[in-house]
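None of the figures in this text is laboratory data; all of them are computed from the coordinates on show. The shown structure was predicted, so the numbers you read here are calculated from the model rather than taken from an experiment. Positions of Cβ are generated from backbone atoms using ideal geometry, with glycine treated the same way; all protein chains shown enter the neighbour counts.
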Amino acid sequence: MEITQAPPREELVRRASGLIPLLREKAAWMEENRRLHDDVLDALTDAGILRMRTPLRYGGYESDTGTVVDVVAELGRGDGSVAWTVGVWMIATWEMGLFPDEAQDEIFANPDARICGILTPSAVAVPTDGGYIINGTWKFNTGVKHSTWNNNAALVQTDDGGFEVVTAVIPVADLEVIDDWHTSGMRASGSITTIAKDVFLPKERVLFMRPMMEGAPHQSKLNANAPIFKAPLLPTACAVIAGPALGLAMAAKDAFFERLPGRKITYTSYENQAEAPVTHLEVAEAITRLDEAGFHAHRAADMVDTKGPAGEPWSVEERARVRLDLGATSQRAKEAVDILVNASGGSSIFSDVPIQRIQRDVQTLNLHAILHPSTNNELYGRIICGLEPNTPYI
């Protein structure tokens, strides 16, 4: 085992910033091929980005949530699909830190292991000698083409005839992979379908999800005192996955201002768009929305990084507030992008102009069930009004 000195936040953000030119260079290829480019995968690995949520004893960094959000957002400035894929890997890698130590020894034999995953229990796991037999189908598996492990949810029948949700770590090589990701946005994330057919899982690679959701003590003895592994699953995951939306808003700002010099407003007397009052109003409004997105993303990360290490209990309102922050980040980011797209003129619809891809990607994120602004607002609102949450995903 390799104990490393974790790089500080500033260094990891600097490394992510250094990848932006490569991500932008490969963005069109990745969108067309619906996967990440090998050069991008190599660069992410070389920069140590994939180790941010790996336990220290395996050569990881155990980076806090705020660091992960800042790094993922910076990657989003280069390409939204790369940021989303890395965010998913960060969540699934973090989950592995809750599993029994013998499972971690297998999974983190490669400290740069890429682990994708889904929280929807669309499979059934049946107990058998030494473990479980699992059958089922999982859609929206981001980055599975580039992953070694697939961490997916399933249902296990209980003695009283009910069901409990478990999360199961499965080698991608044991799964059937269906290349069905033909979408309008986030195309390079390659969020395709995996199928398990009578796959055997040893018991150490299956973990009941309820304790993970509650933030109860987990199965890893060696990670018991590590600060990043003390927070509940959903607040941790929601805080991390705010990063791609924030990054896309930052990318739209970059893309707009790169095209601004020398552009005119057709059919008006403005030969320089930068001199038009309407432009001043639009960019000011867009940057305000971008700043608001950043506020919500960082508030969620700060809450996870504060309450988790302290071992403080989470109220239902606090859990819902992280969902609220995630939805607000997504909504404000989309609003910022839409304003800048509207100010970009008819020429921005061409496929070689990045802002049209940025808009499609941020729209796709806002449709995701866990990021959807209206869903998250309703959840928070009903709790503030004294009602029980209408979802276990909190």
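In the set W94, W84, which member is surrounded by 24 or more Cβ atoms within 10 Å (Cβ to Cβ), in a helix (DSSP H, G or I) and touching a Leu at 6+ places or on another chain (Cβ under 8 Å)?
From the options W94, W84, the qualifying one is W84.
Has region 253-262 got at least one residue that is closer than 28 Å to W94 by Cβ and surrounded by fewer than 18 Cβ atoms within 10 Å (Cβ to Cβ)?
Narrowing region 253-262 to residues closer than 28 Å to W94 by Cβ: none.
No, because not a single residue in region 253-262 is closer than 28 Å to W94 by Cβ and surrounded by fewer than 18 Cβ atoms within 10 Å (Cβ to Cβ).
Considering only residues that are β-branched (V, I, T) and surrounded by fewer than 20 Cβ atoms within 10 Å (Cβ to Cβ), which ones fall in region 286-309? Talk me through it step by step, then tell me what you get.
Of all residues in region 286-309, those β-branched (V, I, T) come to 287-288, 304, 306.
Matches in region 286-309: I287, T288, T306.
Which residue is nearest to A224 (Cα to Cα), if the candidates are limited to region 264-316 and must be acidic (D, E) and in a loop (DSSP other than H, G, I, E, B)? Spell out the reasoning first.
Of all residues in region 264-316, those acidic (D, E) come to 271, 275, 282, 285, 291-292, 302, 305, 312.
Next, only the ones that are in a loop (DSSP other than H, G, I, E, B) stay: 271, 312.
Values: E271: 63, E312: 15 Å.
Residue satisfying both the conditions and the ranking: E312.
Considering each of T193, T236 in turn, give the residue that is in contact with a strand residue (DSSP E or B) (Cβ under 6 Å, 6 or more places away or on another chain) and of a type outside the set (D, E, K, R).
Result: T193 is the single residue among T193, T236 that is in contact with a strand residue (DSSP E or B) (Cβ under 6 Å, 6 or more places away or on another chain) and of a type outside the set (D, E, K, R).
What residue, among those in region 317-371 that are assigned to a loop (DSSP other than H, G, I, E, B) and of a type in the set (S, T, Y), is surrounded by the fewest Cβ atoms within 10 Å (Cβ to Cβ)?
Only one residue fits best here, namely S351.
Here is a yes/no grid of residues against (1) in contact with a helix residue (DSSP H, G or I) (Cβ under 7 Å, 6 or more places away or on another chain); (2) touching a residue at least 24 places away in the same chain (Cβ under 8 Å):
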| site | (1), (2) |
| --- | --- |
| L207 | no, yes |
| K221 | yes, yes |
| N225 | no, no |
| A251 | yes, yes |
| N272 | no, no |
| V283 | no, yes |
| L290 | yes, yes |
| S315 | no, no |
